[in-house]
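Shown next, in structure tokens, is the structure this report addresses.
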Amino acid sequence: MKIIDRLSSLFGVQDMTVGRPMDTLIAFSIPLLIGNFAQQLYNTVDSIIVGQYIGDTALAAVGTSGPILNLMLVLFMGISTGASILSAQYFGAKDRYTLSKLVGSTFFLTLASGLLMSVIGFLSTGYLVSLVKPPENVANGAVTYLQIIFIGMTGAAAYNILSGVLRGMGDSVYPLFFLVISCITNIVLDIIFVKNLGLGIAGVAWATIIAQALSGILCSIRLLRMKEQIDIHRDIFIPDRMLIRRLVKLGFPAGITSAIFSMSAIVVQNLTNSMGELTIAATVAVMRVDGFAMMPNFTFGTAATTFVGQNIGAEKLERVRPGTHDLLKIALICSSALVLCILLFGHSLIGMFTQTETVVALGATGLRWQAAGYVAFAVSQVLQGVMRGAGETVIPMWISVLSTIVLRMPLAYGIAYLSVSEVWPNGHPIALFSSLLISWVLSMVLTLVIYKQGNWKKHLPQAFRSVL
């Protein structure tokens with residue numbers, strides 16, 4: 001722990017209400033960016049091991065499971081977003097009592113939501129898989145994988161929700177450290193369970209839930225030891241109805257946003273599955289690489305929420321605008337650099353997941369189509385993160401509805417219909433990637449327009465609005 005404590009002295013709990021905005025944002029974002037890298041590595045290693053040691057059918061099964069699993073995680077995402085916003089605001093306001101009550105209430109919500117989603121997910125696995133209509137051999141693997149994952153949903157809830165609280169309080173180092181431990185554990189167990197013991201896709205799932213449970217336990221321990229920031233005693237664990245209502249009010253739109261993405265992914269997964277097993281495998285590989293390209297976007301969106309939330313809590317609104325400009329610069333530079341890497345090395349990146357040349361070629365083409373969209377998405381994430389930090393979570397939800405439901409899904413099916421041929425009787429896979437690019441660009445345009453109009457400031461006192 002001494003090494004982590006030293007890192008924390010440089011990058012640890014960040015009071016983002018003091019110092020140069022650029023300095024505090026970089027100090028907060030570096031561990032967060034590394035943590036997002038580790039999170040994506042977590043998923044990617046699963047796919048590489050599945051693809052190389054089990055085969056393309058198993059890889060397709062894990063990919064088919066992705067949208068379903070994400071749909072079941074939306075409750076955690078909503079709670080995490082609400083808890084992160086509130087913890088940032090109470091931390092910035094130096095309101096120790098309310099911050100302590102919030103932490104205790106969050107523990108209650110973590111346990112309750114984790115158990116609830118475990119039961120719902122396990123009992124409905126077969127039905128959920130049937131919604132995306134995968135080939136039978138793919139469906140069997142997906143059911144096996146998901147049922148085991150659902151057994152360990154409380155571990156996933158603990159990490160996702162409690163790490164959100166830690167980040168709201170400006171601590172991005174310890175969540176990173178715990179995620180790295182979890183990632184290493186996952187890799188080691190993947191190799192033992194799949195390569196050495198031959199447990200197949202079930203082994204991958206067991207490795208994942210064990211690693212997730214470990215990260216959740218570590219986050220719990222970290223929060224309970226933060227006695228400089230919060231008071232730990234029995235009374236804080238009594239759920240506070242007022243705080244829970246406010247947390248749900250803030251987090252509900254974010255949860256709905258995640259649900260929208262997940263449901264649209266399930267609908268598009270139907271289209272993907274209709275194009276055959278090789279297309280499913282290629283799409284899985286593209287989405288794994290896509291996760292790395294998205295890292296700067298999600299990192300700086302989270303940083304924006306924490307930065308704005310803390311400064312609003314401290315009533316230092318004059319810091320928000322320069323901080324936003326700094327974040328946009330950093331996010332655009334990072335996302336552009338990653339796009340360049342994808343364009344140069346896309347073929348090799350897809351080749352890590354499979355040796356099937358058709359899958360590699362199709363995946364590399366998909367990456368080229370999506371590349372420019374990562375820069376557009378960076379702008380959307382930062383500005384929507386600012387809105388959430390200011391307490392506006394509904395507008396980002398509606399932007400997601402318009403760009404994903406109204407545009408992306410009809411576009412994907414429309415382009416597929418227009419590209420039907422003898423080789424691709426259900427449409428060309430380019431429909432999947434081009435529709436995603438267009439929806440990202442539209443999301444950026446809508447976000448820029450709304451941000452400039454300033455309607456998202458309505459939750460702030462009138463005297464503060466002109467400062468932003």
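Here the scattering of the stretch 264-303 is modelled by Debye summation over its C-alpha atoms, one equal scatterer each and no solvent; at q = 0.26, 0.29, 0.30, 0.33 Å⁻¹ the log10 of I(q)/I(0) is -0.84, -0.91, -0.93, -1.00. Please say if the stretch 198-276 is rounded, prolate or oblate, where rounded means a/c under 1.5 for a ≥ b ≥ c the square roots of the C-alpha gyration tensor eigenvalues, and otherwise the choice is prolate for a/b larger than b/c and oblate otherwise? Since a/c reaches 1.5 but b/c is at least a/b, the shape of the stretch 198-276 is classed as oblate.
For the stretch 75-179, what value does the Rg/Rh ratio take when both radii are computed over Cα atoms and Rh is the Kirkwood radius, given to two decimals? Don't jump to the answer; show the numbers that get you there.
Values: Rg = 17.1 Å, Rh = 15.2 Å.
Looking at the stretch 75-179, the ratio lands at 1.12.
Calculated on the Cα set of the stretch 266-399, radius of gyration then Dmax: 18.0, 57 Å. The overall shape of the stretch 10-128, judged from the alpha-carbon gyration tensor, is oblate: a/c is not under 1.5, and a/b is no greater than b/c.
Over the stretch 108-155, what portion of Cα pair distances is larger than 13 Å, expressed as a whole percent? Intermediate values should be presented prior to the final figure.
Values: 613 of 1128 pairs.
Tail fraction, whole percent: 54.
Pairs exceeding a 20 Å alpha-carbon distance, out of 94/227; 94/249; 316/458; 249/457; 316/457; 94/316: 94/249.
Contact order for the chain, expressed relative to its length and based on alpha carbon pairs under 8 Å spaced 6+ residues apart, stands at 22 percent.
Projected label points at residue 123 and residue 421, each 7 Å from Cα along the beta carbon direction, are separated by 4.8 nanometres.
On alpha-carbon atoms, Rg over Rh for the chain using Kirkwood Rh? Spell out each step's value before the answer.
Details: Rg = 21.5 Å, Rh = 22.4 Å.
Taking Rg over the Kirkwood Rh, I get 0.96.
Dipole check for the chain: with +1 at the C-beta of Lys and Arg, -1 at the C-beta of Asp and Glu, and the Cα centre as origin, the magnitude is about 1340 Debye.
The packing ranking, built from the mean of other Cβ atoms within 10 Å per residue, places the peptides 374-382, 391-399 in the order 374-382, 391-399, highest first. One way to sum up the overall shape of the stretch 176-227 is the equivalent ellipsoid from its Cα gyration tensor, whose semi-axes run 27, 9, 6 Å, largest first.
Averaging over every viewing direction, what projected area does the convex hull of the Cα atoms of the stretch 77-129 cover, in nm²?
Working: hull surface 15.4 nm².
Directional mean of the projected Cα hull area for the stretch 77-129 stands at 3.9 nm².
Checking the cross-link filter: which lysines have an alpha carbon closer than 18 Å to that of residue 452, excluding same-chain neighbours under 8 positions apart? Those lysines meeting the cut-off are 329. Across the stretch 266-336, the mean sequence separation of Cα contacts (distance under 8 Å, 6 or more residues apart), normalised by length, yields a relative contact order of 30 percent.
Could you tell me what % of all Cα pairs in the stretch 347-467 have separations over 24 Å? Write out the running numbers ahead of the final one.
Details: 3164 of 7260 pairs.
Counting pairs separated by more than 24 Å, the tail of P(r) holds 44 percent.
When the Cα positions of 128, 286, 31 are compared along the charge dipole of the chain, 31 comes out farthest toward the positive end, with charges on each C-beta of Lys, Arg, Asp and Glu. Here residue 225 and residue 430 are evaluated by their C-beta separation; at R0 = 60 Å the FRET efficiency comes out at 0.70.
Projecting the Cα atoms of 211, 307, 426 onto the charge dipole of the chain (Cβ charges, centred on the Cα centre) puts 307 farthest toward the positive pole. Under the combined filter of DSSP loop state and at most 10 neighbouring Cβ atoms within 10 Å, the stretch 253-309 retains none of its chymotrypsin sites (Phe, Trp or Tyr not before Pro). Our estimate of slack between residue 191 and residue 151, defined as 0.36 nm per intervening residue step minus the Cα-Cα distance, is 12.3 nm. Going toward the positive end of the dipole of the stretch 211-255, with +1 on Lys and Arg Cβ and -1 on Asp and Glu Cβ, which of 254, 224, 238 do you reach last? Result: 254.
The helix-only estimate of mean residue ellipticity at 222 nm for the chain, built from DSSP H runs of length n ≥ 4 each weighted as -39500 (n - 2.57), is -26500 deg cm²/dmol after division by the residue total.
If you place +1 on the Cβ of every Lys and Arg, -1 on the Cβ of every Asp and Glu, and leave all else neutral, what size is the dipole of the stretch 178-308 about its Cα centre, to the nearest 20 Debye?
Values: 10 positive and 7 negative charges, 77 e Å.
The calculation lands at about 380 debye.
Can you classify the stretch 147-292 as rounded, prolate or oblate using the Cα gyration tensor, where a ≥ b ≥ c are the square roots of its eigenvalues, rounded means a/c under 1.5, and otherwise it's prolate if a/b beats b/c and oblate if not?
Details: a/c = 2.43, a/b = 1.45, b/c = 1.68.
Here the stretch 147-292 falls in the oblate category.
No lab work stands behind these numbers, since they all come straight from the coordinates. This structure is a prediction, so every number in the text was calculated from the model and none was measured. Please note: Cβ atoms are built from the backbone with ideal geometry, for glycine as well, and neighbour counts cover all protein chains shown.
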